[in-house]
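To keep things clear, I will list the structure first and then write my remarks on it.
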Amino acid sequence: MSTIAFIGLGIMGSPMAVHLQDAGHAVVGFNRTAAKAQPLVEAGGTAASSVAEAVKAADVVAVMVPDSPDVEGVLTGDDGVFANAQPGTLIVDFSSIRPDVTIALAEQATAAGFRYLDAPVSGGEAGAKNAALSIMVGGSAEDFAAASDVFDAVGKTVVHVGPSGSGQTVKAANQLIVAGNIALLAEAVVFLEAFGVDTEAAVKVLGGGLAGSAVLDQKAEKMLGREFAPGFRIDLHHKDLGIFTTAAREQGVVAPVGAVVAQLMAAARAEGDGSLDHSGLFQAIARLSGRD
Ligand code: NAP
């Protein structure tokens, strides 16, 4: 069992840190807003008052913060991981960030004597709470094997997808697929409601055929009930679609459907819906038809 520093105890990080503590690891958590460490403390973990304090005796440092600049700040600042963790520490970045930034951070980490894995997750808040995340891991096979106890405590489908940055590339594809599913489900619900169809019945039968999906299972009810508490915020999905479109452009990959979906997500955010769950994309799509 390891001493694990967990940086970023938000919607995803908090339940993940609790699962690691419950699995028998000694978890020292740090969150900028200190109150969010409470569930970890109640599970027997420890709350640190800085990143430096959290990581100084850690075997593993887990990071779960929103975006590329946030991970850079946590790792490279004076109070950060590189300046304060012990050489040989295994850094596992669960955040969804840019693949190119990940590769640069992994190189810095290796040069400073650390081990580094990118390990973005899919499965949402429910997946984090149920320790059932899908985890796409980039880095060396040796480091992947060394982190198996950590991954097994929070995930159900854990796959080593390639060298550093590969996890983030797979996650960008994941976010394209999820956003496209949400957009089409939203258009379908607007369409069904416009015809006065029994939408509960429609969703039930659609879920049993080829139109069925995890997105339909988890998001259709939210759209029908207009209940968009996060979950996964539109702000974060906008960030992820930016990662996808930038990486695709750099690689010469043309993704017209993805571009439209990215614009719809940007519209939802621009219209003030950024803090809603990404199923709230429904509202931006309904507004296009003059509906709500
Ligand atoms: P969240 O609830 O906003 O939590 C993010 C945490 O990071 C907060 O506790 C926040 O602290 C902290 N933080 C933010 N900026 C920071 C900084 N610059 N330095 C230090 N700490 C910082 O977000 P989340 O939903 O857990 O998402 C975290 C990551 O997981 C993102 O990359 C997201 O794309 C990915 N993800 C999310 C989901 C989901 O369903 N939510 C699913 C898969 C992947 P404060 O409390 O002080 O704000």
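Each value in this text was obtained by applying a stated rule to the coordinates, not by laboratory testing. No experiment lies behind these values; they were computed from the predicted model shown. Reconstructed Cβ throughout: ideal geometry from the backbone, glycine too, with neighbour counts over all protein chains shown.
Listed values, structure above:
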{"read-out": "Charge dipole of the chain about the Cα centre (unit charges at C-beta), most positive-ward option of SER164, GLY123, ALA54", "value": "GLY123"}
{"read-out": "Cα centre as origin, Lys/Arg/Asp/Glu Cβ charges: the chain dipole, Debye", "value": "360 debye"}
{"read-out": "Euclidean distance between Cα centres, the stretch 53-126 to the stretch 156-182, Å", "value": "18 Å"}
{"read-out": "Residue of ALA188, ALA111, ALA153 that the Gaussian network model of the chain assigns the largest fluctuation, springs spanning Cα pairs under 10 Å", "value": "ALA111"}
{"read-out": "Using θ = phi - 60° and Karplus 6.51 cos²θ - 1.76 cosθ + 1.60, couplings along the stretch 4-12 (whole Hz; Gly, Pro as x)", "value": "10, 8, 10, 9, x, 10, x, 3, 8"}
{"read-out": "Cβ-based net charge around PRO66, under 10 Å, with every Lys or Arg adding one and every Asp or Glu removing one", "value": "-1"}
{"read-out": "Helical segments meeting 24 Å axial Cα length and Kyte-Doolittle -0.5 threshold in the chain (DSSP H)", "value": "166-194, 234-251"}
{"read-out": "The chain: proportion of alpha-carbon pairs further apart than 29 angstrom, %", "value": "36 percent"}
{"read-out": "Listed residues PHE282, ILE177, ILE4: farthest to the positive end of the dipole of the chain (Cβ charges)", "value": "PHE282"}
{"read-out": "Cα pair distances of the stretch 112-240 binned at 5 Å [whole percent]", "value": "2, 9, 17, 18, 16, 13, 10, 6, 4, 2, 1, 0, 0"}
{"read-out": "Approximate shape of the stretch 1-58 as ellipsoid semi-axes (Cα gyration tensor, √5λ), whole Å, largest first", "value": "14, 14, 9"}
{"read-out": "Nearby lysines by direct alpha-carbon distance to LYS129 (threshold 25 angstrom, same-chain neighbours under 8 apart not counted)", "value": "LYS36, LYS156, LYS171, LYS219, LYS222, LYS239"}
{"read-out": "Proximal charge balance of VAL137 [Cβ under 15 Å; K/R count +1, D/E count -1]", "value": "-3"}
{"read-out": "Whole-Å semi-axes of the ellipsoid equivalent to the stretch 52-162 (Cα gyration tensor, √5λ, descending)", "value": "21, 15, 14"}
{"read-out": "Share of pairwise Cα separations in the stretch 170-288, more than 16 Å, in percent", "value": "59 percent"}
